[in-house]
1. Condition first: of a type in the set (A, V, I, L, M) and open to solvent by 60 Å² or more (accessible area, probe 1.4 Å). Now tell me which residues in the stretch 133-161 satisfy that.
2. Name every residue in the stretch 88-132 that is in a helix (DSSP H, G or I), hydroxyl-bearing (Ser, Thr, Tyr) and open to solvent by 20 Å² or more (accessible area, probe 1.4 Å), in order of residue number.
3. Would you point out the residue of the stretch 212-232, among those that are more than 14 Å from residue 143 (Cα to Cα) and not aliphatic (A, V, I, L, M), that is most open to solvent (accessible area, probe 1.4 Å)?
4. What do you reckon, is residue 175 over 29 Å from residue 27 (Cβ atoms) and either open to solvent by less than 30 Å² (accessible area, probe 1.4 Å) or in a helix (DSSP H, G or I) (or both)?
5. Kindly indicate which of 16, 99 is at pLDDT 90 or above and of a type in the set (A, V, I, L, M, F, W, C).
6. Among the numbered criteria (1) within 26 Å of residue 43 (Cβ to Cβ); (2) modelled with pLDDT of 90 or more; (3) open to solvent by 60 Å² or more (accessible area, probe 1.4 Å), which single criterion is violated by residue 209?
7. Which one of the conditions (1) part of a helix (DSSP H, G or I); (2) of a type outside the set (D, E, K, R); (3) touching a Gly at 6+ places or on another chain (Cβ under 7 Å) does residue 152 fail to meet, given that it meets all the rest?
Amino acid sequence: MLISCLKADFLKSKRLSIRKAHLIIPLATAVVFTAYYSFSPWDEYNKVDVYYQVLGMALPFLSGLFCAVVAEQEQAAGNFQLMLGAGSKAAPFLSKLLLLLSFCAGALIMAAVVFGAALRLTLHGEPFGLAFHLLAALLLFACSIPLYLLHLYLAFGFNKGVSIGLGLVESLLSALLLTGLGDIIWKYVPAAWPARMTAEFVAAYTGDMSARAELAAAGGIVAGVIVLGTAAYLLWASRWEGSKAAD
């Protein structure tokens, strides 16, 4: 059942812009930042730190947008009748989650690898290796899972405006919690995790022991939320009875 849903959702995504978006956005971001960094006076560590922080701040809004697009497609294709008529209601929702997460993982890996390679070519001494950039992408991906769980629930349970609007607010909150205001509470705010976790990761990579302790503490919280959030998402999906996903 799940495999069939995944195949169907992948085919249906051909008619959406999300495929192109997951290709264009990471490539454009990497190119723009590399071009700017080629003449920027910042040191190498700050360049890498800011790049991944910006990716992290964008993830809440983008996850809200992509979840809204997927929900809108199902609403337009027959007012969710295919999902409501499925033998297992949870399977279509799990399929959409896995599809979006696979696109997200591919986009983040692309953004990390292209940026890392370009930075090495332009800086001729970039202190971060490929392994670092892949780990940063993996960290961003893990922190994005709770966001997709939340926004799929909002997009299908309410409407696309709620998902997109909250995503925008979350991205602004993420930027705010990168400052000293978030030093205490960021670990308990999922919207802050992608940007703040990567910031702590860069600091830990340079030998900051307090950043390593922050990463360990936050990592346990993120893992717990992913497990509990996935269980709650599937439980809700199994009882879902339809909703209007358009404004």
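1. Listed by number, the residues that qualify are 134, 135, 138, 150.
2. Within the stretch 88-132, the subset in a helix (DSSP H, G or I) is 90-123, 130-132.
Adding the requirement that they be hydroxyl-bearing (Ser, Thr, Tyr) leaves 95, 102, 122.
Within the stretch 88-132, 102, 122 qualify.
3. 212
4. On the way: over 29 Å from residue 27 (Cβ atoms): no; either open to solvent by less than 30 Å² (accessible area, probe 1.4 Å) or in a helix (DSSP H, G or I) (or both): yes.
No, not satisfied.
5. On the way: 16 fails: at pLDDT 90 or above.
Within the list 16, 99, the selection yields 99.
6. Every listed condition holds for residue 209 apart from (2).
7. (3)
This table checks each residue for (1) of a type in the set (Ser, Thr, Tyr); (2) outside any helix (DSSP H, G or I); (3) surrounded by 13 or more Cβ atoms within 10 Å (Cβ to Cβ); (4) out of contact with any strand residue (DSSP E or B) (no Cβ under 6 Å at 6 or more places or on another chain).
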site	(1), (2), (3), (4)
8	no, no, yes, yes
12	no, no, yes, yes
21	no, no, yes, yes
27	no, no, yes, yes
30	no, no, yes, yes
35	no, no, no, yes
39	no, yes, no, yes
47	no, no, yes, yes
50	no, no, yes, yes
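The values are calculated or read from the model by the stated rules, or taken from the named source; none is laboratory data. All values derive from a computational prediction rather than experimental measurement. Ideal geometry is used to build each Cβ from the backbone, glycine not excepted, and the neighbour counts take in all protein chains shown. The protein model used for the area step is the full one, side chains on, heavy atoms only, and it has no ligands, DNA or RNA in it. Shrake-Rupley method; radii C 1.70, N 1.55, O 1.52, S 1.80 Å.
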